[in-house]
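Q: Let me begin by handing over the structure; questions about it come next.
None of the figures in this text is laboratory data; all of them are computed from the coordinates on show. Keep in mind that this is a model prediction, so the values were computed, not measured. Positions of Cβ are generated from backbone atoms using ideal geometry, with glycine treated the same way; all protein chains shown enter the neighbour counts.
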Amino acid sequence: TPYDPRSPYSASKASSDFLVRAYFHTYGLPVVISNCSNNYGPHQFPEKLIPLVINQIKAQKPIPVYGDGQNVRDW
């Protein structure tokens, strides 16, 4: 998908990808660009979706549902 940043934040993300690609083309540095939306692992902030759900289940508390619950995420 071509880049089409429409905010300073998305432009900064796109520019970092271009910088990484420039290092590949200029210096032959092997690179991998990953656009992950919700990585899970040690030291993840507890308010993120996966640790939040796990912690709520462990505490036998309800899992929060935002809005009417019909939101869909593209993972």
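Q: Assuming a viscosity of 0.890 mPa s and a temperature of 25 °C, what translational diffusion coefficient in µm² per second does Stokes-Einstein assign to the chain, Rh being the Kirkwood radius over Cα pairs?
A: 155 µm²/s
Q: Below 19 Å, Cα to Cα, which lysines can Lys48 reach? Residues fewer than 8 away in the same chain don't count.
A: Answer for Lys48, where 19 Å is the Cα cut-off: Lys58, Lys61, listed by chain and number.
Q: In debye, nearest 20, what is the charge dipole magnitude of the chain about its Cα centre with +1 on Lys and Arg Cβ and -1 on Asp and Glu Cβ, if you could check? Don't skip to the end; give the middle numbers.
A: Working: 7 positive and 5 negative charges, 36 e Å.
Rounded to the nearest 20 debye, it is 180 debye.
Q: Next question. Tell me the relative contact order for the chain as a rounded percent, counting alpha carbon contacts under 8 Å between residues six or more apart.
A: Dividing the mean separation by the residue count of the chain yields 15 percent.
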